[in-house]
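Student: First the structure, then my questions, so here it is.
The values are calculated or read from the model by the stated rules, or taken from the named source; none is laboratory data. Computed from a predicted structure; not experimentally measured. Here the Cβ is made from the backbone with ideal geometry for all residues, glycine too, and neighbour counts use every protein chain on show. All accessible areas refer to the heavy atoms of the entire protein, side chains included, with ligands and DNA or RNA removed. Shrake-Rupley method; radii C 1.70, N 1.55, O 1.52, S 1.80 Å.
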Amino acid sequence: MPTAIIADDERLMRDQLRMRLQEAWPELQIVGEAKNGEEAVQLVAELNPDLTFLDIRMPGKTGMEAAREIGDGSQIVFVTAYDQYAVEAFERGAIDYVLKPTEPDRLKITVDRLKERLDKPQVAGSVNDSVSAMLSQLAEKIAAPKQKHLQWIQASIGQDLRMIPVEEILFFRSDEKYTAVQTAGFEALIRKPVRDLADELDPSLFWQIHRATLVNVNAIEGVTRDIRGRHLVLVKGRPEKLEVSRSFLHLFKQM
């Protein structure tokens with residue numbers, strides 16, 4: 001009977017993959033589980049499993065680093081949440097993959113491929129021979145530094161477009177259609193909602209204080225409360241008072 005180990009630093013992900021594998025491939029024996037790449041390498045050496053399901057990103061030794069050490073010791077199946085980066089590389093290579101969270105239909109395709117490969121032992125060498133080339137592709141995309149935070153905002157002022165350095169922006173405030181970009185000297189408009197801006201701006205420079213408001217930390221003059229008990233941010237040089245949602249009050253405990 002075929003054997004496998006699962007390596008993932010998230011216990012719930014290991015549990016889910018094990019359950020899905022039991023449903024899709026009852027004959028497969030899961031003989032061990034690892035929380036990181038180092039444990040995965042040790043288990044392969046001890047148990048000699050036919051298959052090793054490796055999460056790409058784990059603390060310490062990553063799945064990619066573990067795969068290099070495992071080499072031909074076991075057929076590698078990468079487990080990844082980074083489908084937008086990885087699928088093209090996987091589809092062109094001999095190594096298979098499982099996307100997180102595990103979907104039964106996609107896992108069935110992987111299982112069918114793995115069964116075919118295990119029936120043809122000579123394929124195993126070509127599978128593992130492709131590890132280095134594929135890891136090089138993945139390392140450039142998945143392991144690359146995250147995209148830099150926004151440095152400029154392109155916004156409309158009447159019929160004109162202006163490039164505004166983000167450090168000059170005091171706050172962003174959205175309504176149903178537009179987001180106002182407020183600087184010390186003028187207000188401009190963009191169509192990008194606050195929820196998207198929050199992901200793209202440096203969180204140490206801009207705090208989200210409301211679902212519709214982001215404020216430049218350096219522009220905060222203080223925080224006050226009105227007669228209704230609401231917390232309001234005072235902005236340097238501006239008359240506006242920006243309401244703070246209860247879920248964001250923790251940001252001001254350090255002030």
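Student: Condition test on Glu103, is it modelled with pLDDT of 85 or more and acidic (Asp, Glu)? Spell out the reasoning first.
Tutor: On the way: modelled with pLDDT of 85 or more: no; acidic (Asp, Glu): yes.
Taking the combined requirement at face value, the residue does not satisfy it.
Student: Of the residues in the stretch 211-244, how many are surrounded by fewer than 18 Cβ atoms within 10 Å (Cβ to Cβ), in a strand (DSSP E or B) and not acidic (Asp, Glu)? Outline the logic, then answer.
Tutor: Start the filter on the stretch 211-244 by keeping residues that are surrounded by fewer than 18 Cβ atoms within 10 Å (Cβ to Cβ), which leaves 211, 217-218, 221-230, 232, 234, 236-241, 243.
So of that shortlist, the ones also in a strand (DSSP E or B) come out as 221-225, 232, 234, 241, 243.
With the extra rule that they be not acidic (Asp, Glu), the set shrinks to 222-225, 232, 234, 241.
Residues meeting the conditions: 7.
Student: Moving on. Do any residues in the stretch 152-181 that are modelled with pLDDT under 85 have Cβ atoms under 7 Å from those of residues that are open to solvent by 90 Å² or more (accessible area, probe 1.4 Å), where the two are at least six apart or on different chains, and which pairs are they?
Tutor: What qualifies is Leu161/Gln154.
Student: Output the residues belonging to the stretch 8-19 that are free of Cβ contacts under 8 Å to residues at least 60 places away in the same chain and more than 16 Å from Lys108 (Cα to Cα).
Tutor: Here is the first cut: in the stretch 8-19, the residues free of Cβ contacts under 8 Å to residues at least 60 places away in the same chain are 9-12, 14-15, 18-19.
Once the filter is applied, which keeps residues that are free of Cβ contacts under 8 Å to residues at least 60 places away in the same chain and more than 16 Å from Lys108 (Cα to Cα), the stretch 8-19 yields Asp9, Glu10, Arg11, Leu12, Arg14, Asp15.
Student: Sort out which residues of the stretch 20-48 are within 19 Å of Arg106 (Cα to Cα) and surrounded by fewer than 17 Cβ atoms within 10 Å (Cβ to Cβ), and write them in order of number.
Tutor: Residues satisfying the conditions are Gln22, Glu23, Pro26, Glu27.
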